[in-house]
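Data block below; observations after.
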């Protein structure tokens, strides 16, 4: 089976990202966000960022995000472009008497591969830094990053993530959740699954010559998952937990196997 050299698939240095931005500012911004999102953000120093989730009380995903501390009383939440208004409105409904302002910002997002200014971004398995600007700059499309995203098993909203996906199924319990922080919406079901159970399926990278989103992943005659994203040589999909690591799989008539990836950073 051919091995995909993902490092060779991304030529441009500066890539335009489809991002949404929500500013949370004020003397109680840190305390408010600490009560609302799944990871520790109040401890961030200015210029630091941390991945987190905004969840429903039942532990379903409202929005994945990065919280960036821009100053003592200023945070910027970075999410998918289509989720910015939802993120802001959900926070506004929960704000009550907290002394902070919440506002969607019309920034343009960029990723620079190999180094540069901004916050570290580990979504693509290579050294990269994310930044944002009020003005649009010339840059390549984010489609150029798709092979790297798939190989790094990073889920994308609308492909691997939606309101019906459990964070643990997508591996977000490893990267977006603190199990040591105080209460936040959705904490109880998230902690219960973490300590007392496990998801029935997990997001996996598959080695396959060709596949398309929606294709069944077959183990023998049994469907054990479905492809969510694909490029030449690689696919992402949710696979049943009981499937052996060395299982002989098929996707659309082609031979496939689970790709053994290192732990997420």
Those strands (runs of 3 or more DSSP E) lying entirely in the stretch 188-247 with at least 2 residues in contact with a helix residue (DSSP H, G or I) (Cβ under 6 Å, 6 or more places away or on another chain) and farther than 24 Å from residue 39 by Cα: 222-231, 233-240
Can you tell which of 165, 126 is within 24 Å of residue 237 (Cα to Cα), in the same structural domain as residue 56 (by TED's automatic domain parsing), part of a loop (DSSP other than H, G, I, E, B) and in contact with a strand residue (DSSP E or B) (Cβ under 7 Å, 6 or more places away or on another chain)? 126
Residues in the stretch 40-59 that are buried (at least 18 other Cβ atoms within 10 Å of the Cβ) and either in contact (Cβ under 8 Å) with a residue 24 or more places away in the chain or more than 16 Å from the chain's Cα centre (by Cα) (or both): how many? 9
Residue that is farthest from the chain's Cα centre (by Cα) [pool: residues in the stretch 107-134 that are closer than 16 Å to residue 81 by Cα and exposed (fewer than 14 other Cβ atoms within 10 Å of the Cβ)]: 134
Looking for whichever is surrounded by 17 or more Cβ atoms within 10 Å (Cβ to Cβ) and part of a loop (DSSP other than H, G, I, E, B) here; the options are 182, 171. Which one fits? 171
When the stretch 60-83 is checked residue by residue, the ones that are in contact with a helix residue (DSSP H, G or I) (Cβ under 6 Å, 6 or more places away or on another chain) and either assigned to a strand (DSSP E or B) or without any contact (Cβ under 8 Å) to a residue 24 or more places away in the chain (or both) are 62, 63, 75, 79
Hits in the stretch 129-146 (condition: in contact (Cβ under 8 Å) with a residue 60 or more places away in the chain and either in a strand (DSSP E or B) or within 26 Å of residue 27 (Cβ to Cβ) (or both)): 130, 132, 140
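The values are calculated or read from the model by the stated rules, or taken from the named source; none is laboratory data. These numbers come from a predicted model, not from an experiment. As a convention, Cβ positions derive from the backbone with ideal geometry for all residues, glycine included, and neighbour counts pool all protein chains shown.
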